[in-house]
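Here is the structure we will look at, set down as structure tokens.
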Amino acid sequence: MRTGNALMAIGAAIVVVGAIIRFAPGLLSWFGNLPGDIRSEGESSRVFIPITSMLVVSIVLTIVVNLVGYVLRGR
């Protein structure tokens, strides 16, 4: 039963993120444009390394996963 609840929560989160990306693209316009994100463009190549953006995403996902785990353990 717990696995089913976790899968439903993950599915709902994916749907919410997908809806945000589809219907409100301005909310994610910061991604890749933060100080610390590396962009390098040459004549025949482009390199993009979103270090700071990935740190923000990692922190947010860590908080969400811990909150979900706390809620599931509490029941």
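The values are calculated or read from the model by the stated rules, or taken from the named source; none is laboratory data. Worth saying up front: this structure is predicted, and the values here are computed from it rather than measured. We place every Cβ from the backbone using ideal geometry, glycine too, and count neighbours over all the protein chains shown. Only protein heavy atoms, including side chains, enter the accessible area calculation; ligands, DNA and RNA are left aside. Shrake-Rupley method; radii C 1.70, N 1.55, O 1.52, S 1.80 Å.
Side notes on the structure shown:
- With every protein chain in place, the chain: carbon and sulfur % of accessible area (1.4 Å): 70
- Checking [x] 21, 13, 11; [y] 33, 15, 11; [z] 30, 13, 10 against the coordinates, the calculated semi-axes √(5λ) of the Cα gyration tensor in Å falls under label [y].
- Cα-based helix-to-principal-axis angle, 51-74 vs the chain, degrees rounded to 10: 0
- Only one residue of Ser53, Phe31, Asn5 has its Cα farthest out toward the positive end of the dipole of the chain, where Lys and Arg carry +1 and Asp and Glu -1 on Cβ, and that residue is Asn5.
- Across the chain, C-alpha contacts under 8 Å between residues 6 or more apart give a mean separation that, scaled by the residue count, equals a relative contact order of 19 percent.
- Rounded accessible area of Leu28 (nearest 10 Å², 1.4 Å probe): 70
- If the chain linking Ser58 and Asn5 were pulled fully straight, counting 0.36 nm for each residue of separation and taking away their Cα-Cα distance, it would gain 16.8 nm.
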